[in-house]
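Below: one structure, written as C-alpha cells.
The values are calculated or read from the model by the stated rules, or taken from the named source; none is laboratory data. From a predicted model like this one, the values you see are computed outputs, not experimental measurements. Every residue, glycine among them, receives a Cβ derived from its backbone with ideal geometry; neighbour counts consider all protein chains shown.
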Amino acid sequence: MSAPAPSVFSELAQQYIHRLGLVPGIPNLDAYSRTLIDLAGKDPRIVVVTSDSRGSGKLTPFGETFPDRHIEVGIAEQNLVGIAAGLAAVGKKPFATSPSSFLRARAVEQIKNDVCYSDVPVVLVGISAGVSYGALGSTHHSLHDIALLRAISNITIIVPADNVETEKAVRAAAQAEHPVFLRFGKAPMYTLHSENVDFEPGRATRIRDGNDIAFIATGEVVVHCLLAAAYLEEYGVKARVVSMHTIKPLDIDEILDAGKSCRAVITVEEHSVHGGLGEAVAAVLLQAGICVPFYIVGIPDEETVTGSQADIFRHYGLTMESLAEKALLLLGESVGILPHRVGSK
C-alpha cells in the first residue's frame, strides 16, 4: 500500500481552518457525479460520454444507474467531443467528461468547430485539472486549458471552488443553451459557501470583505486565499477574497470594484500565469485605467516540478503562508518578521 499523499495544508494552515470553522467536504468530482445523477433522474435528455474516464471521473455510479445513457468511447478525445456534439444536435444534453489535459489538447478542433462554432449545448467536463495528477508530471498536468478555451468564442468557462459551487455550476450547465466548460480537480474540498448562496455564471462570489488587498482566485486555490486573509488579519491587513468561479464571461464589475477599493490586487490560479485568470483580470483593470500594485500567482513558464499536488503548491507559492507574504510585499510591509510573529501567537 502506498503512503497517503501529503496535505496541501501546513499545520499552521490547519489551525486557521479550525479558527474559521471550515467544514470538510468531498472532492468536487464526487459532487459533480452526485448532482448529475440527481439531474438525470428528472431529465431524460442528460447523457454522459467518457474517454476511458468512467472511474477517474467518478461516473461509475451514473453508469450503473443509467446504463443506457453512458457512452464510453475509449481513449479517443476527438471522438468524445464529436459524438457529444452530435448528441446535442439531436436534443440530448451530453456531459463529455475527460482528463482536462487531454481534452483541451487533443480535441481542440472539435471543441472549436463541432461544439462552439456549431453552437450546440455540450457540457465539456475537464477532470483532474491543474496539477491534480501530481507526480505524473507535465504530460498530465492541465495548465493551459483555460488559456486555450478563453481564445475560442461562444463557451462559458466555470471553475468551482467548493462542493456548493460545483453543484450549482452543474445545475446551471444542465440548463445552458450554449457550450459550457466545467473544470474540476481531485482533492477533497472545504465548504466555503452556505447552500443558499447566490450562484450565477458570470457573477463572482465575494467570500470575505476587505479594502487593503484583494485576492481574486478561481477553483481549488480559493480556500488558500481565504486562509491567507485570516492570517493577514492578525497583522491588521484586511484582505478581500473573491471566488471568480466563471473565467468567461468575467465579472467585470467585481474586478473594477477591487481595483478601485483596494490598495493592491493578487490573482491566484492553479494554471499557467500565461493566458489564465491573472492576465484576464489585468486586462480589465488596465483598460479601465486602474493602476494598482498587482501580481499573478500561478505556475510559471516552465515544465512543472515533479511531486505531489502539495509539493507543487508549496514550490510555486500556492499556500496560505506564501500568499500572505506576497500580499505584504505588495503592500510594502516587511515580510522578514512574518513567520516569527505568526508562529509566536
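Here are the numbers for the structure shown:
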item: Which listed residue is free of Cβ contacts under 8 Å to residues at least 12 places away in the same chain and assigned by TED's automatic domain parsing to the domain that holds Arg106, from Gly55, Gly63, Gly91, Gly82; result: Gly55
item: Condition check for Gly278: out of contact with any helix residue (DSSP H, G or I) (no Cβ under 7 Å at 6 or more places or on another chain), surrounded by 17 or more Cβ atoms within 10 Å (Cβ to Cβ) and not in a loop (DSSP other than H, G, I, E, B); result: yes
item: Contacts under 8 angstrom Cβ, first residue in the range 188-213 being more than 21 Å from Ala239 (Cβ to Cβ), partner in a strand (DSSP E or B) and small (Gly, Ala, Ser), 6 or more apart; result: Pro188/Gly25
item: Test: residue in the range 107-116 that is in the same structural domain as Ile152 (by TED's automatic domain parsing), surrounded by fewer than 17 Cβ atoms within 10 Å (Cβ to Cβ) and either within 29 Å of Val222 (Cα to Cα) or out of contact with any Gly (no Cβ under 9 Å at 6 or more places or on another chain) (or both); result: yes
item: Residues that are part of a loop (DSSP other than H, G, I, E, B), among the polar types (S, T, N, Q) and within 15 Å of the chain's Cα centre (by Cα), drawn from the range 203-223; result: Thr218
item: Matching strands (runs of 3 or more DSSP E) fully within the range 90-169 where at least 2 residues are more than 22 Å from Met244 (Cβ to Cβ); result: 93-99
item: The range 176-202, subset within 14 Å of the chain's Cα centre (by Cα), part of a loop (DSSP other than H, G, I, E, B) and more than 25 Å from Val122 (Cβ to Cβ), residue modelled with the lowest pLDDT; result: Ala187
item: Filter pass, Thr218 being among the polar types (S, T, N, Q), in contact (Cβ under 8 Å) with a residue 24 or more places away in the chain and in the same structural domain as Pro121 (by TED's automatic domain parsing); result: no
item: Matching residues in the range 76-126 - criterion: being within 20 Å of Gly55 (Cβ to Cβ), out of contact with any Leu (no Cβ under 9 Å at 6 or more places or on another chain) and among the aromatic types (Phe, Trp, Tyr); result: Phe102
item: Those residues of the range 48-59 which are surrounded by 13 or more Cβ atoms within 10 Å (Cβ to Cβ) and either more than 16 Å from Gly126 (Cα to Cα) or out of contact with any helix residue (DSSP H, G or I) (no Cβ under 6 Å at 6 or more places or on another chain) (or both), in sequence order; result: Thr50, Asp52, Ser53, Ser56, Gly57
item: Listing of helices (runs of 4 or more DSSP H) fully contained in the range 1-76 that carry 1 or more residues being closer than 30 Å to Gly91 by Cβ and of a type outside the set (A, V, I, L, M, F, W, C); result: 28-40, 60-65
item: From Asp68, Asp162, residue being charged (D, E, K, R), without any contact (Cβ under 8 Å) to a residue 12 or more places away in the chain and out of contact with any helix residue (DSSP H, G or I) (no Cβ under 7 Å at 6 or more places or on another chain); result: Asp68
item: Test for Leu250: is it outside any helix (DSSP H, G or I), in contact with a strand residue (DSSP E or B) (Cβ under 7 Å, 6 or more places away or on another chain) and either surrounded by 17 or more Cβ atoms within 10 Å (Cβ to Cβ) or modelled with pLDDT of 95 or more (or both); result: no
item: Among (1) small (Gly, Ala, Ser); (2) surrounded by fewer than 17 Cβ atoms within 10 Å (Cβ to Cβ); (3) more than 24 Å from Asp30 (Cβ to Cβ), the one test that Ala85 misses; result: (2)
item: Condition check for Val23: touching a strand residue (DSSP E or B) at 6+ places or on another chain (Cβ under 6 Å), under 30 Å from Leu232 (Cβ atoms) and in contact (Cβ under 8 Å) with a residue 40 or more places away in the chain; result: yes
item: Evaluation of Tyr295 against (1) at negative phi; (2) in a loop (DSSP other than H, G, I, E, B); (3) at pLDDT 95 or above (one fails), failing number; result: (2)
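So that you can scan it fast, the table gives a plain yes or no per residue for (1) crowded, with 22+ Cβ neighbours inside 10 Å; (2) over 19 Å from Arg314 (Cα atoms); (3) touching a His at 6+ places or on another chain (Cβ under 6 Å); (4) not charged (D, E, K, R):
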site	(1), (2), (3), (4)
Val131	yes, no, yes, yes
His141	yes, no, no, yes
Asp145	yes, yes, no, no
Thr166	yes, yes, no, yes
